[in-house]
Structure formats: C-alpha cells, structure tokens
Amino acid sequence: EEVQAMNDRFKEMDTRTPREQLNQLAGSAGRLGITSTAAVLEFVDAADKIGVALGDDLGQGAVDKIGKLAMAFGEDETKGLRGAMLATGSAVNELAQNSAAQAGYLVDFAARLSGVGIQAGLTQSQILGIGAAMDENMQRDEMAATALSQIITKMTTDSETFARIAGKNVEEFASLVKNDMNEALMQFFESMNKKGGFTELAPLFEQMGLDGTRAIGVLSTLSSKIDDVRRHQELATEAYEKGT
C-alpha cells in the first residue's frame, strides 16, 4: 500500500523523468537506509532535481553519495534531507560551471575525504573547494583524498611539527588546528608556497609516516594554487547556503 501511495505521489511531481527512474531513485534511498515514505519522497525529489541539473556529469552512484554526505555531515537533520542534498548539489554545480573541475570528481573526492574531514571540522563546501583545485590540476581523487587525510590526521596529532615547518607559533597553530582546521591548512599551504614548495620536505614527511611522493604531489599543487582553493571554497559556500 505504501509503495502504491508513493507511486501516486510520483505522478504529482513536476518532472519529465520517467516513473521507472523515479522508482530506481526510491530504491537508492532504501539502500541508504531511508525507510519512511516522507524521507524517500524527499530523497527522490532532490535526487531528480540534481540529476536534471548535472546530467551525465555526475556519473553512476553519485546521487547516492550526495545523500550519504547529507546524512554523514548531519545536515539532513538541520536542513531536511531534500534541503541538504540540494545544497550539496548546488555547490557541486557552481564549481563545475566556474572551474575546470568535473561534478563526478567533486562528489567522489568529498565522499573519500568526508570521514577524516568531519572529524577535523571541515565543511562540505571547504572539501569541495579543495577538490576543485585537485581536479583542475589532474590529481587523482583517491590519491589526493588519501594524502590529505594523512596530512590532516598528522596535523591533528603533531601540530608542533607542522607549526615548525610552516614557521608558525606552536601554541597559536595548535589552537587553529583544533578550532579551524581549514584555515590551518590554508596557512600551512601559504607558508610552504612562500618557502618554495615541498620537494625538500619529502624526507620529513616520510619520517612522519606519510607517503612522501603522494603527499608532495598533492601539497605542491595546493600550495601553488592556494588562491584558487580559497576562491573555490567561497563559491561553494555561497552556492551551498543558497541551494536549499
């Protein structure tokens, strides 16, 4: 009876998407653990709008990941599932239109970095902004996300070393890492750029248990493109806030 009622609701939706595809989206909602009729309808409505806006650029399974991101960051509770998904979709769409980054890459990157990112206090928009710079500079999403996850984890547990590398006051930098990880990352990248990059630091990263080659490639890109990262984050944040 609930399925039939849901199909009747699908008939009322203002969309050209065939009902079969709407049913498939409802199936995706079920795989995410969404069980109530109201929540499934929210997911389907948001997923349909995101799919129409971004089309094939998202790639297979990306809408599911957007739903997972909404729930992982807890924003489905503050914005509602539909609002949270549309906010993420808006941020992704804005970056895809105003940079060389691809929508599918952005979603994949955010999904890969979300676990560590959430613990560190990063927002979706901040992660997406970093992802846009990574894609523009041809860094593979899995490699970039892994390297950044390692850096963030090490920065959290060994702020003193990173403060010393960046030439920052240890106590101030440790406080920044604790309270604003994104700004700590930005300041670290900026310091490295002024010092001429990361190449000479490869042995140090290896001593800290990081993949030196992987970390150097990703962080060199971020340090040299720090202005782009900040611009992308601002674009994503503005679009995210308007996207609900």
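Points worth noting:
- Highest-MSF residue in the chain out of 76, 108, 14 [GNM, Cα springs under 10 Å]: 14
- Here's the list of lysines a cross-link from residue 49 could span, going by alpha-carbon distance under 27 Å and ignoring same-chain residues fewer than 8 apart: 11, 65, 68, 79, 242.
- Value of Rg to Rh for segment 48-121, rounded to two decimals, is 0.95; Kirkwood radius and Rg both from alpha-carbon coordinates.
- Charge tally for residue 13 (other residues, Cβ to Cβ under 13 Å; Lys, Arg +1; Asp, Glu -1): 0.
- Accessible area of residue 134 (1.4 Å probe, protein heavy atoms only, ligands and nucleic acids ignored): about 0 Å².
- Between 0 and 90 degrees, the angle of helix 226-242 with respect to the longest Cα principal axis of the chain falls at about 30 degrees.
- Once all protein chains are placed together, residue 78 keeps about 110 Å² accessible to a 1.4 angstrom probe.
- Max mean-square fluctuation residue, GNM over the chain, Cα-Cα springs under 10 Å, options 222, 54, 128: 54
- Set of lysines near residue 195 by C-alpha distance (under 21 Å), chain-local residues within fewer than 8 positions excluded: 154, 168, 225
- On Cα atoms only, tilt of 2-12 relative to the major axis of the chain in degrees: 90 degrees
- Helix 19-31 and the long axis of the chain differ in direction by around 50°, with both axes built from C-alpha atoms.
- Largest GNM mean-square fluctuation across 22, 86, 106, computed for the chain with C-alpha springs under 10 Å, falls on 22.
- Mean shadow area of the chain over all directions, Cα convex hull, nm²: 13.1 nm²
The values are calculated or read from the model by the stated rules, or taken from the named source; none is laboratory data. Nothing here was measured: the structure is a model prediction, and the numbers come from that model. Because the Cβ atoms are built from the backbone with ideal geometry, glycine has one as well, and the counts that use them run over all protein chains shown. Remember, those area values only see protein heavy atoms, side chains included, never the ligands or the DNA or RNA. Shrake-Rupley method; radii C 1.70, N 1.55, O 1.52, S 1.80 Å.
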